[in-house]
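The values are calculated or read from the model by the stated rules, or taken from the named source; none is laboratory data. Everything numeric in this text was worked out from a predicted model, so none of it was measured. Note that we place each Cβ from the backbone using ideal geometry, even for glycine, and neighbour counts take in every protein chain shown. We work out accessible area using only protein heavy atoms, side chains counted, and drop any ligands, DNA or RNA first. Shrake-Rupley method; radii C 1.70, N 1.55, O 1.52, S 1.80 Å.
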Amino acid sequence: MLQMEEAIEILQEQVTAIRETEQIPLLEAVGRILAQEGRAGLDQPPFPRSPLDGYAVRGQDTEGAGKENPKLLQVIGKIYAGEAFSGRVGENQAVRLMTGAPIPDGADTVIRQENSDYGEDQVQIYQSSKPYQNYCYQGEDYQAGAVLLKQGQVMDGAAVSVAASMGLQEVSVYRKPRIAVISTGDELTEPGIPLKAGKIYDSNLYLICGRLAELGATPVYSCHWDDEPEGLAEEIRKLAGKTDLIVTTGGVSVGEKDIMHEVIRLLAARQLFWRVNVKPGAPTLAAVYEGTLIICLSGNPFAAAANFELLVRPVMGKLTGDKRWMVKKIRARLETDYSKPKGSRRFLRGYAEDGKVWLAAGNHASGALSSLVGSNCLVEILPDQAGARKEEEVWVYLL
């Protein structure tokens, strides 16, 4: 039986990072991975500009200015943000301007309007200002040729803003991963349909699709399939050439209706492994068909949830080149006792905060689902541990 780390390594070896790119509008780029560096084609700001509302002047003309000894300057124009001024500020002259407006030639500082009498044709200046004291230089933020966005980085709001400041309308990003999700089992019923005797609602399809979407990869295909291996094998044949990864739930144990073993045989797929030394979800199956990785998770809801986090997410990290997929592992102090006989490596639902972790209240069985709500981590109990005591440090996998 494989250790979890061995299984992760085997799975990651089967996928290569997506390199196909697409050009998309800037406002659609948030959360996407940039496919090429962003290099500035201009200075920002592209001209010296005023940091405040006031008067553009020569600093030397304000020397000694004060409330009792104002300097009187001739106002030769007015500039609003977005406008330009073709003249030049000379001796004892000023240009009225607003925040963001270009500082005209000849001026080397801006007097705050509150330090003046707000004159229109002539203005009294009540405070001196040294040259370049209130002055935003051309290229103060960045200069033409500077690399502002790195290939492979996640485009967040700040990155999109910087791209916009560079004048970019579109950016090149790597295409999104194409993931198919299939839940299996005769016992499953689509939510909204009245349950018949012996049936339960299909939560696993929504669990895996929802988690993928939550992490930024909405599946391109999802469906439920009854325990009918021939039809499912044919469906996977159709999907293999169109998807990067196929994730299934159910049918991986040793019962008569555990069909995924038969599906893999019918496909003549290359089986990578079956069974991983973790609880819950030990009977995880993995195979490759026509270059597409297939990961078959347990049908038990928490087993499917846990191994999605532990095994599928590292594959998505390799596939997308996005580090956000990788589960962060930290040490935390346990605030809840847990007793269980020694055995397999076990993962429990928990809530971690400020270096502490609490086990989720409620049922921790692999078939229990409700205690997942509010959990933000998996708590690891090592195989040589007979449970864990309050105050012990444990490994925690943040979700």
- Message: Quick test of your reading of the structure: ARG112 fulfils all but one of (1) surrounded by 15 or more Cβ atoms within 10 Å (Cβ to Cβ); (2) touching a Lys or Arg at 6+ places or on another chain (Cβ under 6 Å). Name the failing condition by number.
- Response: (2)
- Filter the stretch 107-165 for residues that are within 15 Å of ASN92 (Cα to Cα) and hydrophobic (A, V, I, L, M, F, W, C); which is nearest to the chain's Cα centre (by Cα)? VAL110
- Filter the stretch 346-369 down to residues that are open to solvent by less than 20 Å² (accessible area, probe 1.4 Å), closer than 17 Å to ASN307 by Cβ and not small (Gly, Ala, Ser), then give me how many there are. 3
- Can you name the condition, by its number, that TYR80 falls short on among (1) on the phi < 0 side of the Ramachandran plot; (2) touching a Lys or Arg at 6+ places or on another chain (Cβ under 8 Å)? (2)
- Restrict the check to the stretch 196-210 and report whether at least one residue is touching a residue at least 60 places away in the same chain (Cβ under 8 Å) and either of a type in the set (Lys, Arg) or out of contact with any Phe, Trp or Tyr (no Cβ under 8 Å at 6 or more places or on another chain) (or both). yes
- Message: Restricting to the stretch 115-129, and then to whatever is assigned to a strand (DSSP E or B) and more than 13 Å from ARG58 (Cα to Cα), can you tell me which residue is most open to solvent (accessible area, probe 1.4 Å)?
- Response: GLN122
- Applying the selection to the stretch 2-40, what residues are within 30 Å of PHE273 (Cβ to Cβ), out of contact with any Gly (no Cβ under 8 Å at 6 or more places or on another chain) and part of a loop (DSSP other than H, G, I, E, B)? GLN3, GLN14, VAL15, THR16, ARG19, GLU20
- Task: Quickly run through the stretch 244-301 and pick out the residues that are of a type in the set (Ser, Thr, Tyr) and at pLDDT below 95.
- Result: SER253
- Message: Among the residues of the stretch 179-186, are any more than 26 Å from LYS242 (Cα to Cα), surrounded by fewer than 18 Cβ atoms within 10 Å (Cβ to Cβ) and not aliphatic (A, V, I, L, M)?
- Response: yes
- Task: Test TYR132 against the stated conditions and say whether it is open to solvent by 70 Å² or more (accessible area, probe 1.4 Å), in a loop (DSSP other than H, G, I, E, B) and without any contact (Cβ under 8 Å) to a residue 60 or more places away in the chain.
- Result: no
- Note on the structure: Scanning the stretch 319-366 for residues that are in contact (Cβ under 8 Å) with a residue 60 or more places away in the chain, closer than 30 Å to VAL173 by Cβ and among the hydrophobic types (A, V, I, L, M, F, W, C) gives LEU319, TRP325, VAL327
- Residues satisfying the stated conditions in the stretch 228-256, i.e. open to solvent by less than 20 Å² (accessible area, probe 1.4 Å), touching a helix residue (DSSP H, G or I) at 6+ places or on another chain (Cβ under 8 Å) and touching a residue at least 40 places away in the same chain (Cβ under 8 Å): LEU232, ILE236, LEU245, ILE246, VAL247, THR248, THR249, GLY250, GLY251, VAL252
- Message: Just to be sure I understand, how many residues within the stretch 260-295 are closer than 24 Å to ALA368 by Cβ and either aromatic (Phe, Trp, Tyr) or assigned to a loop (DSSP other than H, G, I, E, B) (or both)?
- Response: 7
- Message: Could you tell me how many of the residues in the stretch 371-399 are touching a helix residue (DSSP H, G or I) at 6+ places or on another chain (Cβ under 8 Å) and assigned to a loop (DSSP other than H, G, I, E, B)?
- Response: 1
- Task: Pull up the stretch 309-345, narrow it to residues that are more than 16 Å from ILE8 (Cβ to Cβ), small (Gly, Ala, Ser) and within 30 Å of the chain's Cα centre (by Cα), then point me to the one that is surrounded by the most Cβ atoms within 10 Å (Cβ to Cβ).
- Result: ALA332
- Subset of the stretch 71-93 (residues that are among the acidic types (Asp, Glu) and open to solvent by less than 90 Å² (accessible area, probe 1.4 Å)): GLU83
- Residue set PRO46, PRO104; condition open to solvent by less than 20 Å² (accessible area, probe 1.4 Å) and not basic (Lys, Arg); output residue PRO104
- Task: Keeping to the stretch 296-333, report how many residues are among the polar types (S, T, N, Q) and part of a loop (DSSP other than H, G, I, E, B).
- Result: 2
- Residue hits (the stretch 90-129; in contact with a strand residue (DSSP E or B) (Cβ under 7 Å, 6 or more places away or on another chain) and either β-branched (Val, Ile, Thr) or free of Cβ contacts under 8 Å to residues at least 24 places away in the same chain (or both)) are VAL95, ILE103, ASP105, THR109, VAL110, ILE111, VAL123, ILE125
